[in-house]
Amino acid sequence: MKGGLAAAMVAAAAFRRAGVEPGGKLVVGALVDEEDRMLGAHHLVTTAVGRELDAAIICEPEENELCLVQRGVVWARFRVRGKMAHGAIREAGLNPITVLGAILREVPALERRLRRRCEKSPHLKPPTVTPTIVQAPPRGVGVPQSNVIPALGEMTLDVRVTPGVGADELHAELEALCRAGEAAVEGVKVEWEPVNSFRLATKVDKAEPLVQAMVKGVRQTTGHGPRWGGVPGSTDGTILRMELGLPIVTCGPGNRQIPHQVDEYVDVAELVDAAKIYAASALNYLEG
């Protein structure tokens, strides 16, 4: 992300160095918290600067492909309230771990349903539902003991969707998982909440002026047409699209397989190309 940000900063500085006054305002947004709750993007859309925006290039590491689609995500945290008891006298307790297991058994079926409902894309993987955190008791609530049924259990599912499924549908499906868990152990209560806000999948049409400006920018700076792709995760652009309705194109330097690994890197040639693409595309869009 630092590579994409650097390329965007260089592209913006190029206007001043060349003495070029664009036909509109060019904003470089260095937004915090993209890996968690996207607090920076949520703040931007409430500001005067954010409300003036007409379109946005999202500088995520996507090998400088033009990505018009991206998967949506909700991190769903399930909380199961049971009853603590000695492990040797389990009839005296209500085991939240058994309930979490029942919910986990429903995950493959939920994934299949989402795949049937969502649009298929040549640039995106199909929807996935992935358990990422399971704790009983959760950290800070108690100490796990081999001979104790915990009173509380938590689990997080990382749910990724492609265009075609809305927030109401996802909410209903996750509520159904709660009811399936409650059916496994009489007397328990299961609730869920989004760890982050719902970030739905996004899709932008190739006819959008921003897309056309970037197609032209790629040809001007590289001598060939663009390569098209899709964003496997979710970006700040999701918030800009959902809250402001902005057309967004994700395009940035860096191999999309590298993030979250030790010794991340970006090829210098991709950095240079990205800066050129950003500058040319911004000029094309603002002068268009």
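Annotation: amide H-H contacts under 5 Å for Val231 (H modelled 1.01 Å from N, sequence separation of 5 or more, or interchain): Val69, Gln70, Arg71. The trypsin sites (Lys or Arg not before Pro) of the stretch 12-74 that DSSP puts in a loop, and whose beta carbon has at most 10 other beta carbons within 10 Å, are Lys25.
Send over the semi-axes of the stretch 166-288's equivalent ellipsoid, whole angstrom and largest first, taken as the square roots of 5 times the C-alpha gyration tensor eigenvalues.
On the way: eigenvalues 327, 72, 22 Å².
Working from the Cα gyration tensor, I get semi-axes of 40, 19, 10 Å.
Average the reciprocal distances over every distinct pair of alpha-carbons in the stretch 28-183, invert the result, and give the Kirkwood radius in Å.
Numbers: mean 1/r = 0.0541 Å⁻¹.
Every distinct Cα pair counted, the radius reaches 18.5 Å.
Relative to the dominant Cα principal axis of the chain, helix 268-287 is inclined by about 70°. Working value for the stretch 71-140: equivalent-ellipsoid semi-axes of 34, 13, 8 Å, each the square root of 5 times a Cα gyration tensor eigenvalue, largest first. Over the residues of the chain, the helix contribution to mean residue ellipticity at 222 nm works out to -12500 deg cm²/dmol, using -39500 (n - 2.57) for each DSSP H run of at least 4.
Packing, taken as the mean count of other beta carbons within 10 Å per residue, orders the peptides 218-224, 189-195 from highest to lowest as 189-195, 218-224. The angle between the Cα long axis of helix 96-117 and the main principal axis of the chain comes to about 40°, on a 0 to 90 degree scale. Dividing the Cα radius of gyration of the stretch 105-159 by 2.2 N^0.38 Å, with N the residue count, gives 1.62. Remark: relative contact order (the stretch 147-262) = 22 percent; criterion is Cα-Cα distance under 8 angstrom and separation of 6 or more residues. Once both axes come from the Cα atoms, what is the angle between helix 209-222 and the longest principal axis of the chain, in degrees from 0 to 90, rounded to 10? Once rounded, one gets 60 degrees. Accessible area per residue for the chain is 52 Å², calculated with a 1.4 Å probe on protein heavy atoms, without ligands, DNA or RNA. Listed by chain and number, the lysines placed with their C-alpha closer than 20 angstrom to that of Lys189 are Lys83; residues fewer than eight positions away on the same chain are left out.
The values are calculated or read from the model by the stated rules, or taken from the named source; none is laboratory data. No experiment lies behind these values; they were computed from the predicted model shown. Glycine also receives a Cβ, built like all others from the backbone with ideal geometry; neighbour counts cover every protein chain displayed. For the accessible areas, the whole protein counts, side chains as well, though only heavy atoms, and no ligand, DNA or RNA atoms are used. Shrake-Rupley method; radii C 1.70, N 1.55, O 1.52, S 1.80 Å.
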